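Visitor: My questions all concern the structure below.
Computed from the coordinates by the stated procedures, all read-outs in this text should not be read as laboratory data. Just so you know, these numbers come straight off a predicted model, no measurement behind them. Every residue, glycine as well, gets a Cβ built from its backbone with ideal geometry; the counts of neighbours run over all protein chains shown.
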């Protein structure tokens with residue numbers, strides 16, 4: 001969770017690109033790029049500018065809430081489950 005907290009804190013300070021977070025956090029670039037991809041997919045950060053391979057991100061409201069929880073001593077737990085659609089239709093001849 002340390003890395004997640006450090007990355008979210010770095011993004012909270014404004015609009016940043018992955019290189020900015022590498023410089024602030026000291027974490028390896030490949031790790032930051034992977035985390036950005038995951039965080040964007042989870043809706044914790046969003047792209048606000050994109051030109052070629054250069055992207056600038058900011059923290060979303062959900063990301064700010066997660067960061068607030070981490071800073072206040074909470075753990076983040078994620079559950080991934082498959083949703084099942086119920087078939088409520090009646091078959092012909094029933």
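Visitor: Helix 29-41 against the longest principal axis of the chain: what's the angle in degrees, Cα atoms only, rounded to the nearest 10?
Guide: For 29-41 against the chain, the angle is about 40 degrees.
Visitor: Taking 7 Å along the Cα-to-C-beta vector as the label spot, tell me the residue 47-residue 33 distance in nanometres, rounded to one decimal.
Guide: The two pseudo-label positions are separated by 1.5 nm.
Visitor: Taking other Cβ within 10 Å of each residue's Cβ, how do 56, 6 sort, fewest first?
Guide: 56, 6
Visitor: Arranged by the count of other C-beta atoms within 10 angstrom, fewest first, what order do 81, 25, 10 take?
Guide: Listed from fewest to most nearby Cβ atoms, that is 81, 25, 10.
Visitor: Helix 2-12 sits at what angle to the longest principal axis of the chain, using alpha carbons and giving 0 to 90 degrees rounded to 10?
Guide: 80
Visitor: Another question, then. Counting other beta carbons within 10 Å of each residue's own, what order do 16, 22, 76, 7 fall into, fewest first?
Guide: Ordered by Cβ neighbours within 10 Å, fewest first: 76, 22, 16, 7.
Visitor: Students often get this wrong, so try it: which of [x] 57, 33, 21; [y] 34, 24, 20; [z] 68, 38, 22 is Cα extents along the principal axes in Å as calculated from the structure shown?
Guide: Looking at Cα extents along the principal axes in Å for this model, the match is [z].
Visitor: Between 0 and 90 degrees, rounded to the nearest ten: what's the tilt of helix 61-71 against the longest Cα principal axis of the chain?
Guide: 70
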